[in-house]
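Novice: Before I ask anything, here is the structure I am working with.
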Amino acid sequence: MDSHFPSQDHLLSRGPRPQQLPPPAERRRLRELWGATLEEVADALNAEPETMAEWEAGRHNADTADTYAYACLLNAFREQLPTAHEPDWAALRNPPATAPPAPAAPVIPAQAAPDRAEDKPARRGARWTWEEKDCLRTEFLAGTPVQQLAESLGRSEKAVRWVLYHLRLIPFPTDDVPAPRAKPAKPKAYTVEEKRKVHPNAYEPWSTEDEQRLAERCAQGASLAELSQEFGRNHGGIASRLIKINAEGPAVEEAWEYGGEGH
């Protein structure tokens with residue numbers, strides 16, 4: 001072998017060469033398709049969430065090792081994302097109306113209307129089991145509308161769409177995100193210290209004891225707002241943790257409808 005070619009040992013000793021990261025828009029797209037939050041990616045790369053946000057937006061340059069790790073993570077997202085199924089997004093967002101034509105004369109007693117209006121999903125707030133998720137996946141891929149899936153599972157349509165998103169079967173359900181979470185035209189810069197003036201435990205790691213207490217308070221019926229105040233974290237952080245620990249209680253339904261993202 002020619003002497004100007006490096007040996008295997010020499011080539012390996014140089015370590016991995018710097019990876020070319022995809023454009024910022026592609027970094028965010030891959031993360032959101034995977035269903036990961038900025039906090040989760042930051043934790044995986046041992047970075048601060050605000051630094052991760054700058055990195056994803058292309059405004060931060062890391063060293064070679066960190067850049068290589070980030071590139072490997074994004075490549076793993078891209079390679080493992082399912083591509084075989086493409087649902088009809090328009091039909092999913094706007095399920096066709098199937099209401100029967102109005103009869104010539106009323107056939108339902110007038111007093112029955114208030115009872116119908118007060119009906120709530122039978123499984124509201126209950127933990128999603130793997131059997132329910134498997135059933136949801138199968139029926140959705142078979143073409144069952146979201147409205148019908150929600151009725152058969154005893155869940156709200158918003159909760160069904162969020163679970164479908166976390167199963168990576170539909171894109172991010174933007175229409176279901178509450179208005180207060182909408183991003184302003186020009187994001188406001190903030191620091192961790194400023195966030196902690198409102199939520200003292202923002203960005204703090206969750207301990208096993210905190211997670212256990214969170215699950216207990218959720219099972220006791222505490223709402224998302226009450227848990228946010230009690231644990232000193234914003235609604236998104238509480239929602240994300242409730243879903244992650246498979247908690248059970250009314251706040252879990254709020255967490256799915258909230259999207260389960262935050263700090």
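Novice: Too long at a 22 Å Cα-Cα cut-off: which of Lys197/Lys244; Lys158/Lys197; Lys133/Lys244? Don't jump to the answer; show the numbers that get you there.
Specialist: On the way: Lys197/Lys244 26 Å; Lys158/Lys197 32 Å; Lys133/Lys244 15 Å.
Among Lys197/Lys244; Lys158/Lys197; Lys133/Lys244, the Cα-Cα distance tops 22 Å for Lys197/Lys244; Lys158/Lys197.
Novice: Testing the spin-label approximation: label points 7 Å from Cα along Cα→Cβ at Asp63 and Glu131. State their distance in nm.
Specialist: Going by the 7 Å Cα→Cβ label model, 5.2 nm.
Novice: What is the log10 of I(q)/I(0) for the stretch 122-174, computed with the Debye formula using one identical point scatterer on each Cα and no solvent, at q = 0.30 Å⁻¹?
Specialist: At q = 0.30 Å⁻¹ the computed log10 ratios are -1.46.
Novice: Once the convex hull of the alpha carbons of the stretch 20-80 is built, what does its volume come to per residue, in cubic angstrom? Working shown, then result.
Specialist: Working: hull volume 4.4 nm³, N = 61.
In the stretch 20-80, the Cα hull volume divided by residue count equals 71 Å³.
Novice: Which net charge results when you count Lys and Arg as +1 and Asp and Glu as -1 among the other residues whose beta-carbon is under 9 Å from that of Pro49? Write down the numbers at each step before the final one.
Specialist: Numbers: positive: none; negative: Glu39, Asp43, Glu48, Glu50.
Once positives and negatives cancel, what remains is -4.
Novice: Go through the stretch 196-211 residue by residue and turn each phi into a ³J(HN,Hα) via Karplus (6.51, -1.76, 1.60, θ = phi - 60°); whole Hz please, and just put x for glycine and proline.
Specialist: Taking θ as phi minus 60°, the curve returns 6, 5, 9, 10, x, 9, 4, 6, 6, x, 7, 8, 4, 5, 5, 5 Hz for the stretch 196-211.
Novice: Next up: Could you give the length gained on full extension between Arg124 and Asn75, defined as 0.36 nm per residue of separation minus the Cα-Cα distance, in nm? Intermediate results must be reported in sequence, preceding the final value.
Specialist: Numbers: separation 49, 0.36 × 49 = 17.64 nm, distance 3.71 nm.
13.9 nm is the gain from fully extending Arg124 to Asn75.
Novice: Let me ask something else about it. Roughly what would the spin-label model give for Ala219 and Glu32, points 7 Å off Cα along C-beta, in nm?
Specialist: Simple spin-label model gives 3.6 nm for this pair.
Novice: Full extension from Glu230 to Leu141: what is 0.36 nm times the residue separation minus their Cα-Cα distance, to one decimal in nm?
Specialist: Extra length from Glu230 to Leu141 when fully extended: 28.0 nm.
Novice: Next question. Give a residue-ordered list of calculated ³J(HN,Hα) values for the stretch 130-135 (Karplus: 6.51 cos²θ - 1.76 cosθ + 1.60, θ = phi - 60°; whole Hz; x for Gly, Pro).
Specialist: So the Karplus estimates, Gly and Pro as x, are 5, 5, 5, 5, 5, 5 Hz.
Novice: Over the stretch 192-258, calculate the relative contact order: mean separation of alpha carbon pairs under 8 Å at least 6 apart, over the residue count, as a percent. Could you put the intermediate results ahead of the total?
Specialist: Values: 72 pairs, mean separation 23.0, N = 67.
Averaging sequence separation for qualifying contacts and normalising by length gives 34 percent for the stretch 192-258.
Novice: Something else about it: Step through the residues of the stretch 236-242 one at a time and calculate ³J(HN,Hα) from phi using the Karplus curve (6.51 cos²θ - 1.76 cosθ + 1.60, θ = phi - 60°), rounding each to whole Hz and writing x for Gly and Pro.
Specialist: In residue order, the calculated couplings are x, x, 5, 4, 4, 6, 4 Hz.
A short reminder: the numbers here are calculations on the coordinates, not readings from a lab. Values in this document were obtained by computation on a predicted structure and should not be read as measured data. A quick note on method: Cβ atoms are made from the backbone with ideal geometry, for glycine too, and the neighbour counts reach across all protein chains shown.
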